[in-house]
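Participant: One structure, pasted below without further comment.
The values are calculated or read from the model by the stated rules, or taken from the named source; none is laboratory data. Note that the structure is a prediction, hence the values are computed from the model and not measured. Please note: Cβ atoms are built from the backbone with ideal geometry, for glycine as well, and neighbour counts cover all protein chains shown. When the accessible area is computed, the model is the full protein with side chains, heavy atoms only, and any ligands, DNA or RNA have been set aside. Shrake-Rupley method; radii C 1.70, N 1.55, O 1.52, S 1.80 Å.
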Amino acid sequence: MRNVLLRVALLAVVLLSFRMWMGNTPAQAAGGDPQKGKAVYVRNCMLCHGHQGLGNGPVGKTINPPAVDFTSAASKKKTDVELLAPIENGRPPTAMVGWKGQLSDAEIQEVLACVKSLRQ
Ligand code: HEC
């Protein structure tokens, strides 16, 4: 009996540490959920960057410089860090404003994941 309990406890510990380990894989740590990010994107970014991230939203195509087309070769080359910087701090003097403070850190990670999903 004691032996069975011990095994169950051991299994629980192994499963729990596996879950924690999975939750800490770089892929997860690097980005939020693109599905959640979509809602943030639609609310805050779409007017400029457009429904599919082509930079052709109703406002985005009228400003100078225009909103970035995330599917362009130049934009696709950017790393997470290079995309994150303008999202957080904006890119003066363009119309791209910083969203740090307006969006939570989690929302910023989510919208970054959404931007990356639009590149494909
Ligand atoms: C008012 C229009 C506008 C809104 C709203 C807007 N952007 Fe931008 N965005 C721009 C402009 C303009 C640039 C910079 C263009 C340039 O550098 O030539 C830009 C640049 C970027 C870049 C840099 C991309 C690259 O390849 O250099 C990212 C990433 C980005 N925006 C994400 C977002 C996200 C995410 C949101 C919503 C939270 C958002 N933008 C909202 C206009 C906008």
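Participant: Mind counting the residues in the range 54-83 that are farther than 18 Å from Ala106 by Cα and either within 9 Å of the ligand (Cβ to nearest atom) or assigned to a helix (DSSP H, G or I) (or both)?
Facilitator: Residues flagged as farther than 18 Å from Ala106 by Cα and either within 9 Å of the ligand (Cβ to nearest atom) or assigned to a helix (DSSP H, G or I) (or both) within the range 54-83 amount to 19.
Participant: Which residue pairs have Cβ atoms closer than 7 Å, lie 6 or more positions apart in sequence or on different chains, and pair a first residue in the range 77-89 that is under 20 Å from Gly101 (Cβ atoms) and among the β-branched types (Val, Ile, Thr) with a second residue that is within 7 Å of the ligand (Cβ to nearest atom) and open to solvent by 90 Å² or more (accessible area, probe 1.4 Å)?
Facilitator: Cβ pairs passing all conditions: none.
Participant: So, one more: List pairs: first residue in the range 42-56 and more than 12 Å from Met96 (Cα to Cα) and free of Cβ contacts under 8 Å to residues at least 60 places away in the same chain, second residue more than 8 Å from the ligand (Cβ to nearest atom) and open to solvent by less than 20 Å² (accessible area, probe 1.4 Å) anywhere in the structure, Cβ distance under 7 angstrom, at least six positions apart or on different chains.
Facilitator: Close Cβ pairs satisfying both conditions: Asn56/Gly50.
Participant: Which is under 19 Å from the mean Cα position of the chain (by Cα) and among the small types (Gly, Ala, Ser), of Gly57, Gly37?
Facilitator: One residue alone meets the criteria, Gly37.
Participant: When residues of the range 84-107 are filtered for being in contact with a strand residue (DSSP E or B) (Cβ under 7 Å, 6 or more places away or on another chain), outside any loop (DSSP other than H, G, I, E, B) and either of a type in the set (D, E, K, R) or crowded, with 17+ Cβ neighbours inside 10 Å (or both), how many remain?
Facilitator: 1
Participant: Taking the condition under 21 Å from the mean Cα position of the chain (by Cα), among the aliphatic types (A, V, I, L, M) and at pLDDT below 95, does Met22 pass?
Facilitator: yes
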